[in-house]
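The values are calculated or read from the model by the stated rules, or taken from the named source; none is laboratory data. Keep in mind that what you see is a predicted model, and the values were worked out from it rather than measured. Glycine gets a Cβ as well: all are built from the backbone with ideal geometry, and neighbour counts include every protein chain shown. For accessibility, only protein heavy atoms count, side chains too; no ligands or nucleic acids. Shrake-Rupley method; radii C 1.70, N 1.55, O 1.52, S 1.80 Å.
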Amino acid sequence: DQQVKQNSPSLSVQEGRISILNCDYTNSMFDYFLWYKKYPAEGPTFLISISSIKDKNEDGRFTVFLNKSAKHLSLHIVPSQPGDSAVYFCAASGGTSYGKLTFGQGTILTVHP
Amino acid sequence: EAGVVQSPRYKIIEKKQPVAFWCNPISGHNTLYWYLQNLGQGPELLIRYENEEAVDDSQLPKDRFSAERLKGVDSTLKIQPAELGDSAVYLCALGRLAGGPYEQYFGPGTRLTVT
């Protein structure tokens, strides 16, 4: 039962353009969502989060959008930089999963110079 | 910012052998997690500690996996005996606050290969 899904295994973007990574969830009890970035041979690094009481949260080049009715969130990176090339995981928490993060499968982002 | 040291970074063992992983938080955090990450997948929770107490171990295969957290600081995860399907990256993470939504800070992980 995959409660958090990232349906795009990979994404390729030109430097300077926008990267949009998508995530869908099925558990309506989730009320807190996070994005993590992972480089090879390193652990995931927290990037940005959003509570279900908001529909947008922005931090520099990174913006997360939450559509509760569609159970969908997205991460926008503008402008994309080669250093953003990594695996991006979305994660969710809430309800009976309070205090526990449920991760998606990840999306490999490649930003070309 | 939390710091998490994990050792060893890589481990290769034969099936049916025992193996242990260590997690040493640099800073004090009440909440500690062990995750398993298979290739091409996101991390999956194995066990969560609040101080010394394991508050969620529902996904820990208790027939072969065990864990402990000494004095609410360092933690050890053990597999005995290891199986081929246990090959994965084992991640330790720390939580900022107990009982609420929070970010988790991950260590670099231990990559286990069972042959």
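If Lys and Arg each add +1 and Asp and Glu each add -1, what is the summed charge of the other residues whose beta carbon sits under 9 Å from the beta carbon of A:Q81? Please list the in-between numbers first.
Numbers: positive: A:R61; negative: A:E15, A:D84.
Summing Lys/Arg as +1 and Asp/Glu as -1 gives -1.
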Inset, instruction - Count the DSSP beta bridges whose two residues both fall in the protein assembly as shown, then state the antiparallel fraction as a percent rounded to the nearest 5. - result: 90 percent
Inset, instruction - Please calculate the 1.4 Å probe accessible area of B:R9, with all protein chains present, and give it to the nearest 10 Å². - result: 90 Å²
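Interface A/B, total buried accessible area with a 1.4 Å probe, nearest 100 Å²? Walk me through the numbers before you get to the answer.
Details: alone 6100 and 6420 Å², together 10910 Å².
In total, this chain pair buries about 1600 Å².
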Inset, instruction - Work out which residues of segment A:74-113 lose at minimum 20 square angstrom of accessible surface when the other protein chains are put back, relative to the chain isolated, with a 1.4 angstrom probe, and list them by number. - result: A:F89, A:Y98, A:G99, A:K100, A:L101, A:F103, A:Q105
Inset, instruction - Give the range of the longest stretch in chain B that excludes all GluC sites (Glu not before Pro) found in loop regions by DSSP and having at most 14 other beta-carbon atoms within 10 Å. - result: B:15-51
Legend entry - Residue-normalised accessible area of the protein assembly as shown, given per residue in Å² at a 1.4 Å probe: 48 Å²
Legend entry - Percent accessible area from carbon and sulfur atoms, the protein assembly as shown, protein chains only, probe 1.4 Å: 50 percent
Inset, instruction - Using the Cα centre as the reference, give the magnitude of the dipole from point charges on the C-beta atoms of the protein assembly as shown (Lys, Arg: +1; Asp, Glu: -1; all else neutral), rounded to the nearest 20 debye. - result: 280 debye
Legend entry - Accessible surface of A:I108 - all protein chains present, 1.4 Å probe, nearest 10 Å²: 90 Å²
Legend entry - segment A:32-113: C-alpha gyration tensor shape, a/c 1.5 cut-off, then a/b vs b/c: oblate
Legend entry - Within 10 Å of each Cβ in B:44-51, the average number of Cβ atoms from other chains: 2
Legend entry - With DNA, RNA and ligands ignored, accessible area of B:T113 (1.4 Å probe; Å², nearest 10): 50 Å²
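Quick one: order A:I50, A:I18 from most to least accessible surface, probe 1.4 Å.
Order by accessible area, largest first: A:I18, A:I50.
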